[in-house]
There are 2 protein chains.
Amino acid sequence: MPLRLGVMASGAGSNFEALVDSFRHGSLCGEVALLVVNNRDCGAQRRAERLGIDWELHDHRLQPNREQLDQALVQAFRTASVDLVVMAGWMRVVTPILIGAFPNRLINIHPSLLPSFRGLDAVGQALAAGVTLAGCTAHLVSEEVDAGRILVQAAVPVLSGDDHASLSRRIQVQEHRILPLAVALAAQG
Amino acid sequence: MPLRLGVMASGAGSNFEALVDSFRHGSLCGEVALLVVNNRDCGAQRRAERLGIDWELHDHRLQPNREQLDQALVQAFRTASVDLVVMAGWMRVVTPILIGAFPNRLINIHPSLLPSFRGLDAVGQALAAGVTLAGCTAHLVSEEVDAGRILVQAAVPVLSGDDHASLSRRIQVQEHRILPLAVALAAQG
């Protein structure tokens with residue numbers, strides 16, 4: 001049965017577009033059924049408009065707490081008959097309400113080789129630590145932040161002269177590559 | 001000036017032999033001037049005998065404390081006019097006595113992509129965490145365990161069906177490759 005994917009994004013949305021591409025021109029069978037954004041006019045929303053993907057704004061500033069926001073997301077994804085959800089740069093901590101609604105079917109992408117560099121600004125943490133290999137991890141979401149079961153990882157070299165932007169770009173190329181793989185793995189259980 | 005390398009090993013000594021090979025058949029200019037072992041008849045000692053490398057036994061069980069052991073090592077390496085020291089599977093915590101005698105010239109190899117999986121049984125830790133990329137790190141030794149400046153890292157995939165032995169072997173192949181690179185980097189300052 002073709003997959004109906006939900007995507008959550010707060011920013012530019014390049015991972016969201018990579019997922020759409022994987023359905024339209026790549027190896028995934030199904031579609032991105034709904035994009036949820038929390039920031040009006042973010043890049044992800046504009047990409048959805050260009051690509052003709054349904055999107056909804058759920059502004060966390062208009063919700064009394066994290067739980068209410070997540071409850072609204074769960075309802076939106078259920079209404080769209082979503083099977084699996086990807087947090088593709090969702091800059092909010094999620095609650096058991098969302099995690100419990102999609103057990104083993106909620107995926108996050110994090111720009112480090114977990115368990116190294118959990119939390120905010122993983123690329124900055126990697127540069128500060130002086131690692132020579134950085135990377136990214138697609139994993140299932142558990143209640144501990146950046147600690148769920150790992151699905152796919154990819155490594156990239158840190159080159160001399162790298163700054164935050166250049167290293168982030170190199171990691172992002174790999175994020176676009178591994179996220180569809182992670183979706184396929186999670187969809188197969 | 002050709003490098004005079006000291007090596008410390010507790011076990012099988014395959015990293016020690018990889019270093020000897022790099023001097024004899026590879027890219028390093030100089031020699032392994034002295035191997036120190038702490039376990040009599042360990043694999044490293046037998047390799048040194050076969051390869052014709054000077055070696056000394058410094059059994060930690062015969063020293064009253066870590067500091068006295070390290071003081072004996074420093075004296076041994078100084079007598080052998082060693083410039084740079086590699087801990088190639090040295091299963092003892094070292095003290096500021098050794099670290100301070102070879103500032104920025106004491107290298108350790110650790111079987112993980114640091115800062116992930118510091119400490120004992122890094123391979124077991126990686127398997128338990130379910131990472132899909134494991135690896136090794138050659139780094140300068142600082143007083144905090146497995147936390148000094150990183151020189152070289154290499155990643156290997158964790159394959160389905162891997163056990164501790166198979167993953168350890170795959171990592172060790174990369175250790176043999178990156179350790180000579182780390183020696184060259186540290187020797188150049």
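The values are calculated or read from the model by the stated rules, or taken from the named source; none is laboratory data. What you see is a predicted model, and the numbers here were worked out from it, not measured in a lab. When we count neighbours, we look across all protein chains shown, and the Cβ atoms used for this are built from the backbone with ideal geometry, even at glycine. Ligands, DNA and RNA are excluded from the accessible area calculation, which covers all protein heavy atoms including side chains. Shrake-Rupley method; radii C 1.70, N 1.55, O 1.52, S 1.80 Å.
Both chains summed, the buried accessible area for A and B stands near 1100 Å², from protein heavy atoms and a 1.4 Å probe. Relative to the longest principal axis of the Cα atoms of chain A, helix A:14-25 runs at roughly 70 degrees.
Extension gain, B:ARG78 to B:ASP163: 0.36 nm times the residue separation minus the Cα-Cα distance gives 26.5 nm. Mean separation of Cα pairs under 8 Å and 6 or more residues apart, divided by the residue count, gives chain B a relative contact order of 20 percent. GNM, chain A, Cα, under 10 Å: largest mean-square fluctuation among A:LEU106, A:LEU73, A:LEU133? In the Gaussian network model the winner is A:LEU133.
Remark: relative contact order (the stretch A:82-189) = 27 percent; criterion is Cα-Cα distance under 8 angstrom and separation of 6 or more residues. Across the identical copies, the label point of B:HIS25 (7 Å from Cα in the Cβ direction) is separated from its matches by 4.7 nm, in order from shortest. Applying 1/(1 + (r/R0)^6) with R0 = 25 Å to the Cβ-Cβ distance of A:GLU49 and A:GLU144 gives a FRET efficiency near 0.10. Using 0.36 nm per residue and subtracting the Cα-Cα separation, the extra length available between B:GLN63 and B:ARG92 on full extension is 9.2 nm. Sparsely packed loop sites in the stretch A:89-184 (the GluC sites (Glu not before Pro) outside DSSP H, G, I, E and B with at most 13 other Cβ atoms within 10 Å) comprise A:GLU143, A:GLU144. Starting from the label point of B:ASP121 at 7 Å along Cα→Cβ, the same points in the other copies fall at 3.6 nm, in ascending order. Note on chain A: with a GNM built from Cα contacts shorter than 10 Å, the maximum mean-square fluctuation among A:GLN68, A:GLN172, A:GLN153 falls on A:GLN68. In this structure the protein assembly as shown gives 45 Å² per residue of accessible area when probed at 1.4 Å with all protein chains present.
Once the C-beta distance of A:MET1 and A:LEU185 is scaled by a Förster radius of 22 Å, the resulting FRET efficiency is 0.85 to the nearest 0.05. Principal semi-axes of the equivalent ellipsoid, √(5λ) from the alpha carbon gyration tensor of chain B, are 26, 18, 16 Å from largest down. Is the shape of the stretch B:28-70 rounded, prolate or oblate, going by the alpha carbon gyration tensor and its root eigenvalues a ≥ b ≥ c, with a/c under 1.5 for rounded and a/b larger than b/c for prolate? Oblate, since a/c reaches 1.5 and b/c is not below a/b.
A label point on B:MET1, set 7 Å along the Cα-to-Cβ line, lies at 7.4 nm from each of its counterparts in the other copies, closest listed first. At a 1.4 Å probe, which residues in the stretch A:102-149 are at least 10 Å² less accessible with all protein chains present than in their chain isolated? With the partner chains in place, the stretch A:102-149 has these residues losing at least 10 Å²: A:LEU113, A:PRO115, A:SER116, A:PHE117, A:ALA129, A:GLY130, A:VAL131, A:THR132, A:LEU133. Among the trypsin sites (Lys or Arg not before Pro) found in the stretch A:1-103, those both in a DSSP coil and sparsely packed, with 11 or fewer other Cβ atoms within 10 Å of their Cβ, are A:ARG40. The shape of the protein assembly as shown comes out prolate: with a ≥ b ≥ c from the C-alpha gyration tensor, a/c is at least 1.5 and a/b beats b/c.
In chain A, the portion of solvent-accessible area held by carbon and sulfur atoms comes to 51 percent [1.4 Å probe, whole percent, DNA, RNA and ligands not counted]. Most fluctuating residue of A:LEU120, A:LEU167, A:LEU69 in a GNM of chain A with Cα springs under 10 Å: which is it? Highest fluctuation of the listed residues: A:LEU120. Remark: mean inter-chain Cβ contacts per residue of A:155-168 equal 1, using a 10 Å Cβ-Cβ cutoff to other protein chain atoms.
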